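The values are calculated or read from the model by the stated rules, or taken from the named source; none is laboratory data. Please read all numbers here as calculations on a predicted model, not as lab measurements. Quick reminder, even Gly has a Cβ in these numbers, built from the backbone with ideal geometry, and neighbours come from all protein chains shown.
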């Protein structure tokens with residue numbers, strides 16, 4: 001009953017990224033300029049992004065060629081393995097077949113490097129020597145710092161303060177790769193100083209950290225901004241995950257009935273799910289697609305579909321997305337990568353079209369699932385990935401109760417080796433399950449469009 005591993009040869013690293021916008025039955029709403037509130041044009045975004053990434057953000061072309069240098073870097077860890085979780089199936093005594101795509105084999109231990117190396121490449125080609133960014137739990141800051149080293153770019157990371165304090169080893173990893181880390185909110189930006197003046201004890205949020213990073217990028221000609229999730233071009237770069245998974249499921253002689261990914265801003269979910277949604281849209285497949293989010297920050301399951309800023313200070317374009325309001329302050333859960341007020345506009349649009357489902361879980365059931373998975377399969381998942389593990393286990397138990405033999409595929413987006421304090425808190429019973437209160441939503445701050 002050992003796990004079955006499906007590996008592709010290096011020659012099967014995808015040559016193109018898949019743009020699901022080409023297959024959408026209805027176009028998504030355009031981003032709006034934060035000042036004029038008119039549809040944003042490419043030139044509006046070039047103050048903080050290279051034109052190459054702006055073009056990827058706005059295109060509806062179906063396949064975007066991956067530069068050879070990026071593919072060569074991918075070859076350090078791609079194609080990543082896909083496993084059948086035979087031991088977990090036995091523990092659950094389920095007729096379901098459970099597969100997982102494991103992105104923890106990358107040098108930084110998560111899927112984030114798929115887009116970090118691409119973004120660093122395009123910025124280097126545009127002559128940029130410095131990138132500013134935000135990070136929640138630290139996976140994105142880690143990935144961009146390593147990518148910056150690969151491309152000769154200096155990286156400055158605003159790390160959400162609660163994670164900065166919770167995850168010192170993640171902070172150390174960013175610094176080991178050459179990144180410069182500041183706890184956000186900080187006193188290095190006007191946005192940070194305003195937050196601290198209003199609340200000196202602020203634990204921060206991704207929305208605040210984005211404001212700080214964007215402010216720095218807008219103030220320097222040598223600096224651009226890089227984002228680890230949410231935007232279309234980030235979703236695009238992650239689709240190498242799903243493309244490989246399609247081939248690996250074919251190797252297994254199987255095809256998923258259910259595809260699952262944790263979702264905060266949407267990048268690892270999109271990376272796996274978009275290729276399968278594409279088959280649903282173009283080939284008549286009927287795979288259920290499930291996005292799993294934290295119950296304390298439930299943008300899909302509790303938020304509203306509306307135009308909102310991607311950051312607290314209102315510096316970014318307004319995007320139509322599922323949002324809790326850009327002033328929403330998430331609870332200090334350990335899954336820092338999922339503590340974001342909004343969901344990717346593309347993922348939100350697919351949710352509105354009925355192409356995906358969404359479910360939310362509290363911290364403790366997710367960590368219980370992560371421990372069960374680790375004991376069966378030997379991999380300790382990241383706190384974010386535990387949400388997908390929880391959903392996959394629940395789907396397998398549903399199959400057991402219904403006597404159905406379905407095929408479940410989920411994205412194990414990263415390992416939790418630098419998140420062991422979270423597991424210590426769980427084992428000691430010190431992990432709270434934060435109750436979401438609709439009164440905490442910040443919908444009054446939504447821009448009037």
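For the stretch 349-396, how many residues are closer than 16 Å to residue 104 by Cβ, within 17 Å of the chain's Cα centre (by Cα) and assigned to a helix (DSSP H, G or I)? Of the residues in the stretch 349-396, 5 are closer than 16 Å to residue 104 by Cβ, within 17 Å of the chain's Cα centre (by Cα) and assigned to a helix (DSSP H, G or I). For residue 104, the requirement of being over 18 Å from residue 72 (Cα atoms), touching a strand residue (DSSP E or B) at 6+ places or on another chain (Cβ under 7 Å) and part of a loop (DSSP other than H, G, I, E, B) is met. Every test in (1) surrounded by fewer than 18 Cβ atoms within 10 Å (Cβ to Cβ); (2) in a helix (DSSP H, G or I); (3) touching a helix residue (DSSP H, G or I) at 6+ places or on another chain (Cβ under 7 Å) is passed by residue 187 save one, and that test is (2). Being touching a helix residue (DSSP H, G or I) at 6+ places or on another chain (Cβ under 9 Å), surrounded by fewer than 16 Cβ atoms within 10 Å (Cβ to Cβ) and either more than 25 Å from residue 326 (Cβ to Cβ) or in contact (Cβ under 8 Å) with a residue 40 or more places away in the chain (or both) holds for only one residue in 242, 178, 253, and it is 178. The residues in the stretch 380-415 that are surrounded by fewer than 24 Cβ atoms within 10 Å (Cβ to Cβ) and under 22 Å from residue 171 (Cα atoms) can be counted, and the count is 2.
In this structure, does residue 223 turn out to be surrounded by fewer than 24 Cβ atoms within 10 Å (Cβ to Cβ), over 21 Å from residue 62 (Cα atoms) and modelled with pLDDT under 95? Answer is no for this residue. Of all residues assigned to the stretch 19-27, at least one qualifies as being touching a residue at least 60 places away in the same chain (Cβ under 8 Å), buried (at least 18 other Cβ atoms within 10 Å of the Cβ), closer than 26 Å to residue 281 by Cβ and in contact with a strand residue (DSSP E or B) (Cβ under 8 Å, 6 or more places away or on another chain). Step by step: first the residues of the stretch 65-84, then only those that are buried (at least 17 other Cβ atoms within 10 Å of the Cβ) and either at pLDDT below 95 or in contact with a helix residue (DSSP H, G or I) (Cβ under 6 Å, 6 or more places away or on another chain) (or both), then the one that is farthest from residue 226 (Cα to Cα). Which residue is that? Among residues in the stretch 65-84 that are buried (at least 17 other Cβ atoms within 10 Å of the Cβ) and either at pLDDT below 95 or in contact with a helix residue (DSSP H, G or I) (Cβ under 6 Å, 6 or more places away or on another chain) (or both), the one farthest from residue 226 (Cα to Cα) is 82. Taking the criterion of being under 23 Å from residue 117 (Cα atoms) and surrounded by fewer than 23 Cβ atoms within 10 Å (Cβ to Cβ), the only residue of the stretch 196-215 that qualifies is 215. Here residue 203 clears all of (1) assigned to a loop (DSSP other than H, G, I, E, B); (2) closer than 20 Å to residue 268 by Cβ except the condition numbered (2).
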